[in-house]
Each structure stands twice: as structure tokens, then as C-alpha cells.
Amino acid sequence: MALCSWHVDKDINERFTAYRQEKVTQRNTHAWSTFRHHPELSWFRIDWVENHQKMREKIVQRRIEEAEKDGRTLPADEHGKNEPTLFNKDNGNEIRLLMRRHLHWHPFKTGRRHQFPGPELSTRAIWMWQAKEMHDKCASLGEGYAWEYLWKNWYKLDHWKIWARSAHLDHYPIIQTNAAVEAHWSVLKYRGLRWFHRPRLDHLCATLHEHLLPIFVTSVYQVRKKLKPPGWYKLMITDWRQILETIRAEDIADAGSVDGTEAESRLIRMQDLHSTDIDSWSCTCTSYMLWPYHICKHLARLYGASYPTKRECSCQRTMPLLFIASIHSLADHEVAPIRHTPQGANNPHLWQKSALLRRTYSSLSRHFLNKQETKRILVPERQLVFKRSNNSTISCS
């Protein structure tokens with residue numbers, strides 16, 4: 001399971017920009033004292049969290065005293081019950097950038113300025129390193145409430161494994177679970193059940209089996225056979241074209257220079273500083289680590305051509321993360337072969353893969369009919385029939 005990076009940044013930004021989120025009054029920091037004797041989390045500093053709490057309490061108390069002195073009546077929200085999470089709004093972007101680096105960091109995508117400092121690379125060691133780094137960042141900025149929110153909701157080990165890409169060291173997750181689920185329900189709602197509000201269970205299962213499942217199977221087959229580009233390819237090409245414009249601007253500037261040393265120094269930086277390698281398709285620059293399509297201007301410059309076509313590139317979980325047929329060997333390709341060729345909705349491959357869905361539909365239909373009979377509601381007898389390619393029928397009632 002891997003959360004979408006867009007949703008992670010969206011939730012944190014909404015929390016940081018909202019005004020009424022924290023309660024200053026009736027708030028204590030006694031629970032943080034357990035970290036002092038923890039064998040692994042002893043780096044957690046309790047003093048600055050307590051000092052931040054005392055500072056926020058003094059601000060609320062001074063606000064109340066000034067209102068009483070001026071004879072004003074403060075609303076109930078300004079008595080310390082609804083305070084912003086960030087003490088300084090300008091610190092939000094810096095914290096979000098660090099968490100974005102933590103989200104995309106992986107042994108396959110290690111940034112030059114974000115190297116793992118420990119001797120042994122493990123999931124738990126990476127988690128402790130990133131949690132400590134975020135703790136030190138919030139402490140240096142003086143954002144105690146931001147650290148409490150991040151620790152309770154994002155940087156605990158069980159929460160961190162959901163969104164951090166480095167939770168799986170043997171592969172780089174490329175499927176963002178909540179994005180795929182939302183896309184599935186969006187297609188089901190606006191395509192399969194567009195004209196039906198609160199449909200019956202038998203109608204829902206029949207729509208999944210007869211209409212949506214053939215579309216999904218055919219779409220996956222077309223993408224794997226390179227008959228149509230995947231959804232990420234169009235977005236990658238858009239970003240790649242922007243990178244090519246940057247490269248052209250640099251080349252024009254190099255052509256106008258007198259000595260021409262800028263182009264040579266750029267190549268030296270690519271080799272020595274960023275360790276750009278087109279064979280493994282890796283680079284240690286920050287753009288490559290944060291870019292979701294595993295590209296940067298250094299790799300695009302070494303690639304030479306405009307951009308790869310839909311038939312020769314694919315994203316994969318192992319190195320190289322962006323497979324290009326004209327550069328890499330087929331032994332590095334990870335995509336599994338297709339065993340059967342679907343011929344529309346009625347094909348043996350589809351019926352074989354949808355056996356579980358047919359059984360689920362049958363059990364749900366029987367449960368629904370038995371429930372309606374117990375309520376003494378007349379249900380018309382119906383028998384939904386699926387047709388195969390050989391004109392034979394299968395009853396699912």
C-alpha cells in the first residue's frame with residue numbers, strides 16, 4: 001500500500017494553512033516524557049516541545065489580558081481553543097519540501113544532498129533517520145505543534161510505512177493505492193452507474209462483470225502490448241518537453257560564450273557530482289529524486305533523442321526505473337507477458353479471471369433475495385444470463 005504523493009502534500013498543506021486546528025489550553029506534554037528512556041528514540045528532545053507549549057500559552061494569556069484592559073470581549077475561539085498549527089506560516093513550505101524528499105527517497109533514488117548516514121540500510125533505520133531529521137527541522141524552526149501533528153499522523157512507524165517509498169527496499173512502488181481506488185470508483189460512478197442512484201446489489205455486480213471488467217482487461221492488454229500509451233506517459237512527455245526547452249536554452253547560451261568552458265564544466269558535474277548513469281538510468285540530483293517519472297535534465301541530455309516513444313519505454317519497480325528498449329537490455333525488463341489475447345468482452349481469458357467475481361455476485365444475489373423475502377417484500381423473479389462466445393449461457397441466479 002502506498003499513498004499518493006499529491007494527497008499527502010494536500011493534507012499537510014490544508015493542516016498548515018488552516019487557522020483553527022490546535023487547542024492551547026488544557027494541553028500537556030507529559031506523554032512525550034516516555035521518549036527519554038526509549039532505547040531507539042532517545043534523540044527526541046522534550047525541552048523544546050515544552051518551551052513551545054509555554055510560549056503559546058503566554059501568547060493566549062497576553063491576548064486575553066489586553067482584551068480585558070481595553071474592555072473588549074474576545075470570541076470563544078480566541079481563548080486558546082482554536083489556534084493555528086504553525087507559529088510562522090512561512091515555515092510551512094520548508095517542512096513540506098523535507099517531507100516530500102522523505103516520501104520519494106529510496107535506495108534506487110538517493111539524492112546527493114540526502115544520503116543515508118547509517119552503516120546498515122534497513123527499513124527501520126531509514127524510518128528513524130527521517131523521523132529524526134524532521135524532528136530537528138521542526139526544532140530549528142520552532143514549530144512544536146507541527147512536529148506533534150507530523151509525529152502522531154505521519155511519522156509513527158505504522159503510519160510511515162503507508163506513504164514512504166523506502167518502506168520497501170527490494171522495489172520502488174509505482175502504484176499509488178488510493179489513487180487507483182479513487183480512479184476505479186470514479187469510472188464505476190460516472191460510466192457504469194451514471195444514470196442509477198443507489199442501485200441494487202445484483203445490478204451493481206452485473207455492471208461490474210458485464211461492462212467494467214471487460215473494459216479493464218482490454219485496457220491492460222492494450223497498454224502491455226503497446227497498442228496505446230498509459231496514463232503516465234502523456235504527463236511524462238509534457239515534462240520531458242519542458243526539460244528539452246531548458247536544454248536548448250543552455251545550448252544557445254553555450255554557443256554564445258567565448259571560451260566554451262561552461263559546457264565542459266556541465267559534463268564534469270554530471271559525471272563527478274551527480275553520477276549520472278544512463279545505463280542504470282540513475283542520477284543523484286534533487287530533480288530526479290523528486291520527479292515522479294524518474295527523469296531529469298541530466299539524463300535527458302545524455303539520452304540525446306527528443307523523447308522515447310510509447311512502444312519503447314515503461315515504468316518498473318526495479319532498476320532501471322524507466323526502461324527504454326533502445327538503451328537497456330530485455331533482461332532488465334520487468335513486465336510479465338500476456339498469455340491470452342482478449343477478443344472483446346466474451347473471451348476465455350476474461351471468464352477465467354472473473355470466476356471469483358461471478359461467485360461473489362451469486363452469493364450477494366442470494367443474500368439480497370433472502371433478506372427481501374424475510375421482510376415480505378415481493379421481489380420479481382429474474383435470472384441474469386451471461387453469454388459466452390460460443391452462444392452458450394451461464395445462469396448466475
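Taking the stretch 190-204, which residues are in a helix (DSSP H, G or I), out of contact with any helix residue (DSSP H, G or I) (no Cβ under 6 Å at 6 or more places or on another chain) and not aromatic (Phe, Trp, Tyr)?
Passing the criteria: ARG191, HIS203, LEU204.
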(message) Exactly one of these conditions fails for VAL8: (1) part of a loop (DSSP other than H, G, I, E, B); (2) of a type in the set (Val, Ile, Thr); (3) touching a residue at least 12 places away in the same chain (Cβ under 8 Å). Give me its number.
(response) (1)
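Residue-wise test of (1) of a type in the set (A, V, I, L, M); (2) touching a residue at least 24 places away in the same chain (Cβ under 8 Å).
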residue: LEU188; (1), (2): yes, yes
residue: CYS205; (1), (2): no, yes
residue: THR218; (1), (2): no, yes
residue: GLN222; (1), (2): no, no
residue: LYS226; (1), (2): no, yes
residue: LEU235; (1), (2): yes, yes
residue: ILE247; (1), (2): yes, yes
residue: ASP259; (1), (2): no, no
(request) Would you tally the residues in the stretch 1-58 being closer than 19 Å to GLN130 by Cα and among the polar types (S, T, N, Q)? (result) 2
(request) Name every residue in the stretch 224-252 that is crowded, with 17+ Cβ neighbours inside 10 Å and closer than 13 Å to THR309 by Cα, in order of residue number. (result) PRO230, TYR233, MET236, ILE237, TRP240
(request) With the checklist (1) out of contact with any strand residue (DSSP E or B) (no Cβ under 9 Å at 6 or more places or on another chain); (2) of a type outside the set (A, V, I, L, M); (3) assigned to a helix (DSSP H, G or I) in hand, flag the one item ARG56 doesn't pass. (result) (1)
(message) Kindly evaluate ASP254 against the criterion of being at pLDDT below 85, assigned by TED's automatic domain parsing to the domain that holds CYS313 and either closer than 30 Å to HIS333 by Cα or out of contact with any Phe, Trp or Tyr (no Cβ under 7 Å at 6 or more places or on another chain) (or both).
(response) yes
(message) Whether any residue in the stretch 68-87 is assigned to a helix (DSSP H, G or I), in contact with a helix residue (DSSP H, G or I) (Cβ under 7 Å, 6 or more places away or on another chain) and modelled with pLDDT of 85 or more is what I want to check.
(response) no
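Every residue, every condition in (1) within 22 Å of the chain's Cα centre (by Cα); (2) among the aliphatic types (A, V, I, L, M); (3) within 30 Å of LEU121 (Cα to Cα), yes or no:
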position: ASP136; (1), (2), (3): no, no, yes
position: ARG191; (1), (2), (3): no, no, no
position: LEU201; (1), (2), (3): no, yes, no
position: LEU208; (1), (2), (3): no, yes, no
position: LYS225; (1), (2), (3): no, no, no
position: LYS228; (1), (2), (3): no, no, no
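Condition check ((1) loosely packed, with under 12 Cβ neighbours inside 10 Å; (2) β-branched (Val, Ile, Thr); (3) at pLDDT 85 or above) across all residues:
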residue	(1), (2), (3)
VAL8	no, yes, yes
GLU22	no, no, no
TRP32	no, no, no
ILE46	no, yes, no
MET55	no, no, yes
LYS58	yes, no, yes
(message) Considering only the stretch 93-102, I want to know if a residue exists there that is assigned to a helix (DSSP H, G or I), more than 30 Å from SER275 (Cβ to Cβ) and not charged (D, E, K, R).
(response) no
(request) Please work out if ALA146 is in contact (Cβ under 8 Å) with a residue 60 or more places away in the chain, buried (at least 18 other Cβ atoms within 10 Å of the Cβ) and more than 30 Å from PRO320 (Cβ to Cβ). (result) yes
(request) Look at the stretch 92-113 and say how many of its residues are modelled with pLDDT under 90, surrounded by 14 or more Cβ atoms within 10 Å (Cβ to Cβ) and farther than 21 Å from THR318 by Cβ. (result) 1
(message) Against the definition (assigned to a helix (DSSP H, G or I) and either on the phi > 0 side of the Ramachandran plot or crowded, with 20+ Cβ neighbours inside 10 Å (or both)), how does HIS159 come out, yes or no?
(response) no
(message) I'm trying to understand the selection: among the residues of the stretch 182-205, which are aliphatic (A, V, I, L, M), buried (at least 17 other Cβ atoms within 10 Å of the Cβ) and in contact with a Ser or Thr (Cβ under 9 Å, 6 or more places away or on another chain)?
(response) LEU193
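Does at least one position in the stretch 289-308 carry a residue that is part of a helix (DSSP H, G or I) and at pLDDT below 90?
Within the stretch 289-308 (the criterion being part of a helix (DSSP H, G or I) and at pLDDT below 90), the answer is yes, since at least one residue qualifies.
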(request) Mind listing whichever residues of the stretch 89-130 are without any contact (Cβ under 8 Å) to a residue 60 or more places away in the chain and in contact with a Phe, Trp or Tyr (Cβ under 7 Å, 6 or more places away or on another chain)? (result) PHE116, PRO117, GLY118, ILE126, TRP127, TRP129
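The values are calculated or read from the model by the stated rules, or taken from the named source; none is laboratory data. This structure is a prediction, so every number in the text was calculated from the model and none was measured. Every residue, glycine among them, receives a Cβ derived from its backbone with ideal geometry; neighbour counts consider all protein chains shown.
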